[in-house]
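Please read the structure below before turning to the comments.
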Amino acid sequence: MFYGRQSIKRLETDNWILTSKSSVLCVRMEFGSGIWIFFAITVLFQVWMGSQGETTQDGYSFQVDSSVIVIQEGLCVSIPCQFTANNRRKFTNSTGYWKMALGTAVASNDKSIALTKQNFHLVGDPNVGDCTLHIADATKQDSGTYFFRFEESKDSLNKFNYMANKITVQVTDLTQKPEIIVFGEMVAKEEVRMTCLLPGICSPPMIKWWRDNADEVLESTSMSITPNLWDHGISVTCEVSLPKVDSSTRQTLNLDVQYPPTIKVHTVIEPSEVTLENHTVSVKEGQSVILSCLVDSNPAADVTWTKGEKTIASSVTGQKLELYLAHVKPSDADTYSCTAQNNHGDTSDFVDIEVESSKVEPNDNLYADGSPDLEEVTAASPQQASRDIDYKLLAGLVAGNVLVLSLIALGLFCLVRRNMKRRQQGIINNGQELSSQGTASSYKGFNN
């Protein structure tokens, strides 16, 4: 008779003792024939090979994707595998075991046996040759080497330990980060929902949210926010804690808030560096002008400069577009408009450029003979008439000054002439007096 045992035992027989780590087969035979002894030994060896499976055997195969399974602490993993037993994959009421050592089962479809690990599960069906193993909430203590054992039935000889096809499980630190999923586009002033997930877990985690510009902490798998324009670029953090393994991990997302464009138009007249924001700017002919259109938008906007109704420059950078007017002339005077547009809206701004001419316009109302045509004077502009009046006043002032100077010169001339006449008259009178005195003397001498 043959006696199968799964526990480690030592059975004594009349002739010899056979000891095994997983089962002990004891054969009790009587000596009588060498043929019977040879037959018994052959049967025992085949049964022992089927029970222990220390090496591969024809008809018993085992397939698994990898013999080394690396899993992070707190995560879950399924290890698909397939097997054949006695060249078959179809069985009835079969039992499968995953073991860490002989006699130590960690997972089985037999609910009546005690298991050493509660997070190991045989999820495959041995009746169809499926030995898939699932490990939930892995811990560092789960690291080790495991093998699969198959039993077609309790009384069947079709049993096998796939010791040559062991798998090694390595549990490492939790380094995987959660994923923050945003449902829809994040647009300013529109509500949006975000969810935090940690791939690879199979037990409910604890999840916390917070923003870097707020002190509030939200404990929820998902949260909804209504971002503003100034929320663009701020960070939102999600932390996932796994209570069963006392471990946590977190992920941070910078908000990408979309909004319509806003623009400002600035003007700089070279060589000055003064920035003007006026809507009307006067420029002297020959000067150079820089028109800057500053754009703020997300996503980037299409930006264009127009002169009147004509487009003269465009860009899709959505940041800044400059227009350079070198050595402006009167024909450059016009309204310059900047327009920015994205899929959330559009806006525009403008500046009027006025060009001051540097040339002096000729006066067509002046003639060489100084006699303007009456009809042209009548039709002249107020500015021209004002210039004509200025010329007449100037001519009157000059004539008056000449007349005054002439009168002064005439007066001086008359005064000088009168004095000269008086001096000449005095000389004549003195001469006559001297002559009279000489004649009188002569008369006196003659009379004597």
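The values are calculated or read from the model by the stated rules, or taken from the named source; none is laboratory data. What you see is a predicted model, and the numbers here were worked out from it, not measured in a lab. A quick note on method: Cβ atoms are made from the backbone with ideal geometry, for glycine too, and the neighbour counts reach across all protein chains shown. Areas reflect the complete protein model, heavy atoms only, side chains present, ligands, DNA and RNA absent. Shrake-Rupley method; radii C 1.70, N 1.55, O 1.52, S 1.80 Å.
Data for the structure
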| quantity | calculated |
| --- | --- |
| Residue under evaluation Q57, criteria (1) modelled with pLDDT of 95 or more; (2) touching a strand residue (DSSP E or B) at 6+ places or on another chain (Cβ under 9 Å); (3) not small (G, A, S), criterion not met | (1) |
| Selection within region 326-342 - assigned to a strand (DSSP E or B) and not small (G, A, S) | D334, T335, Y336, C338, T339, Q341, N342 |
| Yes/no for I180 being at pLDDT below 95, more than 23 Å from A136 (Cβ to Cβ) and open to solvent by less than 60 Å² (accessible area, probe 1.4 Å) | no |
| Complete set of residues in region 269-297 that are among the polar types (S, T, N, Q) and more than 13 Å from Y336 (Cβ to Cβ) | S272, T275, S282, Q287, S288, S297 |
| Cross-chain or 6+ apart pairs with Cβ under 7 Å, region 143-166 first and under 16 Å from V128 (Cβ atoms), then assigned to a helix (DSSP H, G or I) and open to solvent by 10 Å² or more (accessible area, probe 1.4 Å) | none |
| Those strands (runs of 3 or more DSSP E) lying entirely in region 126-235 with at least 1 residues more than 29 Å from E73 (Cβ to Cβ) and within 45 Å of the chain's Cα centre (by Cα) | 179-183, 192-197, 222-225 |
| Failed item in (1) modelled with pLDDT of 95 or more; (2) open to solvent by less than 50 Å² (accessible area, probe 1.4 Å), with G233 passing the rest | (1) |
| Lone unmet requirement of (1) surrounded by fewer than 18 Cβ atoms within 10 Å (Cβ to Cβ); (2) at pLDDT 95 or above; (3) closer than 30 Å to W210 by Cβ for E185 | (2) |
| Residue match in region 311-325 (condition: aromatic (F, W, Y), modelled with pLDDT of 75 or more, within 30 Å of N228 (Cβ to Cβ) and not in a helix (DSSP H, G or I)) | no |
| Of residues in region 308-326 being of a type in the set (S, T, Y) and closer than 27 Å to P271 by Cα, the one most open to solvent (accessible area, probe 1.4 Å) | Y324 |
| Qualifying residue in region 284-303 (condition: open to solvent by 70 Å² or more (accessible area, probe 1.4 Å), modelled with pLDDT under 95 and not in a strand (DSSP E or B)) | no |
| Which numbered condition A85 fails, given (1) closer than 21 Å to Y60 by Cβ; (2) of a type outside the set (S, T, Y); (3) open to solvent by 30 Å² or more (accessible area, probe 1.4 Å) | (3) |
| Single unsatisfied condition, S153 versus (1) modelled with pLDDT of 95 or more; (2) surrounded by 13 or more Cβ atoms within 10 Å (Cβ to Cβ) | (1) |
| Among residues of region 93-125, those that are open to solvent by less than 40 Å² (accessible area, probe 1.4 Å) and over 51 Å from the mean Cα position of the chain (by Cα), counted | 8 |
| Search result, residues across region 67-86 that are modelled with pLDDT of 95 or more, out of contact with any His (no Cβ under 9 Å at 6 or more places or on another chain) and either over 14 Å from E151 (Cα atoms) or not in a strand (DSSP E or B) (or both) | V68, I69, V70, I71, Q72, E73, G74, L75, P80, C81, Q82 |
| Pairs where the first residue, in region 279-299, is of a type in the set (D, E, K, R) and the second is surrounded by 15 or more Cβ atoms within 10 Å (Cβ to Cβ), C-beta under 6 Å, 6+ apart | E285/V355; D296/T262 |
| Cβ pairs under 7 Å, 6+ apart, first in region 99-125 and over 19 Å from D137 (Cβ atoms), second surrounded by fewer than 19 Cβ atoms within 10 Å (Cβ to Cβ) and of a type in the set (D, E, K, R) | L102/K21; G124/D130 |
| Residues of region 244-258 satisfying the condition of being open to solvent by 80 Å² or more (accessible area, probe 1.4 Å) and either touching a residue at least 40 places away in the same chain (Cβ under 8 Å) or not in a strand (DSSP E or B) (or both) | K244, D246, R250, D256 |
